[in-house]
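*Asks:* One structure is given below, represented as structure tokens, and several questions about it will come after.
The values are calculated or read from the model by the stated rules, or taken from the named source; none is laboratory data. Please read all numbers here as calculations on a predicted model, not as lab measurements. Neighbour counts are summed over all protein chains in view; Cβ atoms, including those assigned to glycine, are modelled from backbone coordinates with ideal geometry. With ligands, DNA and RNA removed, areas are computed over all heavy atoms of the protein, side chains included. Shrake-Rupley method; radii C 1.70, N 1.55, O 1.52, S 1.80 Å.
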Amino acid sequence: TVAYEKEIRRLAQAVMDSRDLAPLRCPVVMHLTVTMAIPTSWKADQVAISHLLRPSNRDLDNQMKAIYDAINGVVYYDDKQIVQTYSTKRYPFGNEVPGFRLSVSPCGLTQADADTVLKLIALKRKKK
């Protein structure tokens, strides 16, 4: 939903600002864990083994898309930069609360690394 994406975007921007980070310009790898609430209709024995089960409600791909769209332009410039994604959907374990955890990492060369390589290539060409 629009409100969900807006809240995710706000939180992502707060994290980026607190770390004085600009959006990544390089290919990125996404690691996403979505923790779903245990249904209130479940009996105690179901709740006891809930961490062993996988939720089947709500499509993981729809949640991924909402989260990735929300951080577009905040954590990275464009979602076409996503080259790998690892996602899982599960029920909470212990005192965990429902929600999601996302890690976004550069994949391969960072933009700064690529710029340095290009400068070195340009210098080498000038010397010839």
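*Asks:* Take the conditions of a type in the set (Lys, Arg) and over 25 Å from the mean Cα position of the chain (by Cα) and apply them to Lys89. Does it pass?
*Replies:* Spelling it out, it is not the case that Lys89 is of a type in the set (Lys, Arg) and over 25 Å from the mean Cα position of the chain (by Cα).
*Asks:* Sticking with this one: Would you mind stating whether Leu21 is under 16 Å from Ser105 (Cβ atoms) and either part of a loop (DSSP other than H, G, I, E, B) or open to solvent by 40 Å² or more (accessible area, probe 1.4 Å) (or both)?
*Replies:* Criteria met by Leu21.
*Asks:* A follow-up question, please. Given the criterion in contact with a strand residue (DSSP E or B) (Cβ under 8 Å, 6 or more places away or on another chain) and not charged (D, E, K, R), identify the matching residue among Ile49, Ile8, Ile67, Ile38.
*Replies:* Among Ile49, Ile8, Ile67, Ile38, only Ile67 is in contact with a strand residue (DSSP E or B) (Cβ under 8 Å, 6 or more places away or on another chain) and not charged (D, E, K, R).
*Asks:* Could you check region 97-120 and list, in sequence order, the residues that are open to solvent by less than 70 Å² (accessible area, probe 1.4 Å) and either over 13 Å from Leu24 (Cβ atoms) or in contact with a strand residue (DSSP E or B) (Cβ under 7 Å, 6 or more places away or on another chain) (or both)?
*Replies:* Gly99, Leu102, Ser103, Val104, Ser105, Pro106, Cys107, Asp115, Val117
*Asks:* Does Val83 count as open to solvent by 70 Å² or more (accessible area, probe 1.4 Å), touching a residue at least 24 places away in the same chain (Cβ under 8 Å) and not in a helix (DSSP H, G or I)?
*Replies:* Yes: the conditions hold for Val83.
*Asks:* Please state which one of Val104, Val15 is free of Cβ contacts under 8 Å to residues at least 40 places away in the same chain and among the β-branched types (Val, Ile, Thr).
*Replies:* After applying the criteria, what remains is Val15.
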